[in-house]
Amino acid sequence: MNPTTKQNSVFIGEGVSFKGSINAPDEAVIEGQFDGDLTVSNLLIGQTGRVTGTIKADRVDVKGELNKDISSRQLLIVRSTGKVNGTLEYGEIEIERGGQVRGNMSQL
Amino acid sequence: MFNKFKSAPNNATTETEEAAGPVAPEEIVLVKEEEPAVPVAPATTTPNVTPSATQQRGNGMMGMLQANVSKPSILSEGFYFKGELSAKGTIHVEGSLNGQVQVDELTIGSRGQVDGIVNCKIFHIKGRFSGTATCEELTVTSSATVDGHVVYKTLSVQKGASIKGELLLAK
């Protein structure tokens, strides 16, 4: 998996801290710290990833931390190491055992 | 009448018996208590007794369950309960339950519906739940619909579940 070579994708590595708005038509893989708004198609938050902000995506896969408002049009998966805090909107949700979810949830 | 219960759940709920090892000696104790009261009568009325008996089990077993917590109580489909329910052990709801529930393990079957306040250790939701729940282990399967406020310690949600409301992690 090397999304840095894919078009329309963004990869934020571990240890990298980013503040701002990202609009990526395809995929965003976040393994560092992200603060801001994120509009992507596929969002993958790695185990070391910490995302805080308003997220709009089609698919979200959380292995790390995700805070604030999340809107995932299709699927939202919280893995066993995932922690989600905030207002969730999802088309379909799956939470692996051990995943932590805190907040208001509603199905789109 | 309760002699029949001993044989019926042996086939239906073998999984609970495997989990609870020391069921056998306790079983014998209970059978002995009931024997003088109801000798052989149920043998002839078995087909009639069973459907309503399963409904009565929710209430009838409660008094017995205080001493022996190995068998689950089942509220079958079509059984509507409104009020306060407090028990040790497991409750399977395939019918409809409205009110307050305090139990060790609560399973809402795929056709089951629970509305109200639930307080339990293990909570399996396969059907419909609305209200407030406080539990330790929460499992929501794909056929489930949850509407309300749930506090949990461990969470597992299968793809396809519908959850509306608030989930809170209790530390």
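The values are calculated or read from the model by the stated rules, or taken from the named source; none is laboratory data. Note that the structure is predicted; figures quoted are calculated from it, not measured. Virtual Cβ from ideal backbone geometry, glycine too; neighbours counted across all protein chains shown.
Listed values, structure above:
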read-out	value
Exclusive hit being at pLDDT below 90, on the phi < 0 side of the Ramachandran plot and within 14 Å of chain A (Cβ to nearest Cβ), set B:155, B:167	B:167
Filtered residues of the range B:131-140 (kept if assigned to a strand (DSSP E or B), buried (at least 17 other Cβ atoms within 10 Å of the Cβ) and more than 10 Å from every other protein chain (Cβ to nearest Cβ))	B:131, B:133, B:134
Residue match in the range B:116-135 (condition: in contact with a His (Cβ under 7 Å, 6 or more places away or on another chain) and farther than 16 Å from residue B:85 by Cβ)	no
One residue from B:162, B:70, B:86 being within 14 Å of chain A (Cβ to nearest Cβ), at negative phi and modelled with pLDDT under 95	B:162
Tally, over the range B:136-149, of residues that are more than 20 Å from residue A:91 (Cβ to Cβ) and either more than 18 Å from the chain's Cα centre (by Cα) or modelled with pLDDT of 95 or more (or both)	2
Number of positions in the range A:77-101 that are within 10 Å of another protein chain (Cβ to nearest Cβ) and crowded, with 16+ Cβ neighbours inside 10 Å	15
Where a residue in the range A:18-39 is surrounded by fewer than 20 Cβ atoms within 10 Å (Cβ to Cβ) and modelled with pLDDT under 90 and its partner, wherever it lies, is of a type in the set (D, E, K, R) and not in a strand (DSSP E or B), with Cβ under 9 Å and at least six apart	A:26/A:6
Flag if residue B:118 is out of contact with any helix residue (DSSP H, G or I) (no Cβ under 8 Å at 6 or more places or on another chain), aliphatic (A, V, I, L, M) and within 14 Å of chain A (Cβ to nearest Cβ)	no
Counted residues, the range B:70-114 - those being in contact with a helix residue (DSSP H, G or I) (Cβ under 7 Å, 6 or more places away or on another chain), more than 24 Å from residue B:142 (Cα to Cα) and part of a strand (DSSP E or B)	1
Which numbered condition residue B:59 fails, given (1) surrounded by fewer than 20 Cβ atoms within 10 Å (Cβ to Cβ); (2) within 21 Å of residue B:138 (Cα to Cα); (3) at pLDDT below 90	(2)
Matching option when the condition is within 27 Å of residue A:79 (Cα to Cα) and not in a strand (DSSP E or B), among B:162, B:143	B:143
Which numbered condition residue A:73 misses (of (1) at pLDDT 90 or above; (2) buried (at least 18 other Cβ atoms within 10 Å of the Cβ); (3) more than 14 Å from chain B (Cβ to nearest Cβ))	(2)
Filter pass, residue B:126 being away from every other protein chain (no Cβ under 14 Å), within 18 Å of residue A:107 (Cβ to Cβ), crowded, with 20+ Cβ neighbours inside 10 Å and not hydroxyl-bearing (Ser, Thr, Tyr)	yes
Residues satisfying the stated conditions in the range A:48-85, i.e. over 20 Å from residue B:154 (Cβ atoms), in contact with an Asp or Glu (Cβ under 7 Å, 6 or more places away or on another chain) and in a loop (DSSP other than H, G, I, E, B)	A:48, A:49, A:53, A:54
